[in-house]
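A.B. asks: Let me begin by handing over the structure; questions about it come next.
The values are calculated or read from the model by the stated rules, or taken from the named source; none is laboratory data. In this text the structure is predicted, and so the values were computed from the model without any measurement. Please note: Cβ atoms are built from the backbone with ideal geometry, for glycine as well, and neighbour counts cover all protein chains shown. For the accessible areas, the whole protein counts, side chains as well, though only heavy atoms, and no ligand, DNA or RNA atoms are used. Shrake-Rupley method; radii C 1.70, N 1.55, O 1.52, S 1.80 Å.
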Amino acid sequence: MLNSYFGPGSIVTQDTSPSFMAAVTQSVSLLVASGKTKLSYIDEVLESLKALGPYFVIAPGLALAHAKPSDSVLAPGMALLRLDEPVMSGSANDPVSLIFSFCSPNASEHMEMLGDFGQLMSTDKVMNSLLNASALSVIEDILFKNAL
Amino acid sequence: MLGIEAEVRAVSIEEARGADKMAQVILATPEILDQLGGIPAEVIAINNIFDLGELGEKLKATLS
């Protein structure tokens, strides 16, 4: 279940962000603030983004910001920044409204978390429901209880 | 869906390129394809990782 990965305060909605990089930084900062990673994880994600481009924009409108498992990761974690006005990342999947971030201490946790996440996100209407959710509690119900 | 048994792993680019090149098929976003040249595996670009239709179609085309 995804609820074990999202720490307190790790879901934020706001109007927009100055840039994709700013949005990624903010989303990953939620992992730091909720005790899932050290501060250094932000740099690791931004380095990957600079080196490779927006490779973690893995579906239309959705980014899953992450870096490979490292000592910066304290616990498996996820966070979400939802923007009402999307930003451009340079990916074919632009524009991006849902900036998830995640961290994993090792490859097996990584697979388990992505499996849970993929199963939820490949369900019809989940994406739209997350985009249109009028309150944080609605987003939490979708992510944690599969309530559409 | 495809009736294929497979071992699936999440790996970094370095691991995919590393000494243990055991993968038969690698799924990646288009941005990473350049980094995966020269590996003895079928590399498939996936645009929407949650689209089971796209995944099924591309895997079927590669594995058949």
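A.B. asks: If you roll a 1.4 Å probe over the protein assembly as shown with all protein chains in place, what percent of the accessible area is carbon or sulfur?
C.D. replies: Result for the protein assembly as shown: 53 percent of the exposed heavy-atom area is carbon or sulfur.
A.B. asks: Count the lysine pairs in chain A that are 8 or more places apart or on different chains: how many have C-alpha atoms under 25 angstrom apart?
C.D. replies: For chain A, the number of qualifying lysine pairs is 7.
A.B. asks: With θ set to phi - 60°, apply the Karplus curve 6.51 cos²θ - 1.76 cosθ + 1.60 along segment A:117-125 and write out the HN-Hα couplings as whole Hz, x wherever there is a Gly or Pro.
C.D. replies: Values per residue, Gly and Pro as x: 5, x, 4, 5, 6, 7, 6, 3, 6 Hz.
A.B. asks: If I ignore ligands, DNA and RNA and count only protein heavy atoms, how much of B:VAL8 is accessible to a 1.4 Å probe, in Å² to the nearest 10?
C.D. replies: Probe radius 1.4 Å; accessible area of B:VAL8 about 100 Å².
A.B. asks: Summed for both chains, how many Å² of accessible area, to the nearest 100, are buried between B and A with a 1.4 Å probe?
C.D. replies: So the total buried area for this chain pair works out to about 1300 Å².
A.B. asks: Further question on the same structure: Solvent-accessible area of A:MET111, probe 1.4 Å, all protein chains present, reported in Å² to the nearest ten, please.
C.D. replies: 60
A.B. asks: Using the Cα centre of the protein assembly as shown as origin and beta-carbon charges of +1 (Lys, Arg) and -1 (Asp, Glu), tell me which of A:PRO76, B:THR29, A:GLY118 is placed farthest towards the positive end of the dipole.
C.D. replies: Checking the options against the dipole of the protein assembly as shown, the answer is A:PRO76.
A.B. asks: Separate question: With N set to the number of residues, divide the alpha-carbon radius of gyration of chain B by 2.2 N^0.38 Å and report two decimals.
C.D. replies: That works out to 1.10 for chain B.
A.B. asks: Further, regarding this structure: Å³ per residue of the Cα convex hull, for the protein assembly as shown?
C.D. replies: Taking only Cα atoms, the protein assembly as shown has a hull volume of 120 Å³ per residue.
A.B. asks: Then there is this: Can you compute the charge dipole magnitude of the protein assembly as shown about its Cα centre, using +1 on each Lys and Arg Cβ and -1 on each Asp and Glu Cβ, nothing else charged? Give it in debye, rounded to the nearest 20.
C.D. replies: Value, rounded to 20: 120 debye.
A.B. asks: Next up: Give me log10 I(q)/I(0) at q = 0.17 Å⁻¹ for segment A:2-123, Debye formula, one equal scatterer per alpha-carbon, no solvent.
C.D. replies: For segment A:2-123, the Cα-only Debye profile gives -0.78.
A.B. asks: If we count trypsin sites (Lys or Arg not before Pro) as exposed when they sit in a DSSP loop and have at most 15 other beta carbons within 10 Å, what is the longest stretch of chain B that avoids them all?
C.D. replies: B:22-64
A.B. asks: Skip the ligands, DNA and RNA, and give the accessible area per residue of segment A:21-132 with a 1.4 Å probe, whole Å².
C.D. replies: 40
A.B. asks: Quick one: dipole size for chain B, taken about the Cα centre, charges +1 on Lys/Arg Cβ and -1 on Asp/Glu Cβ, in debye to the nearest 20.
C.D. replies: Values: 5 positive and 11 negative charges, 25 e Å.
For this selection, approximately 120 debye.
A.B. asks: Among all stretches of chain B without exposed GluC sites (Glu not before Pro) (DSSP loop, at most 13 other Cβ atoms within 10 Å), which one is longest?
C.D. replies: Result, exposed sites excluded: B:8-64.
A.B. asks: List the extent of the Cα atoms of segment A:7-46 along each of their three principal axes, largest first, rounded to whole Å.
C.D. replies: Principal-axis extents of segment A:7-46 (Cα, largest first): 25, 23, 8 Å.
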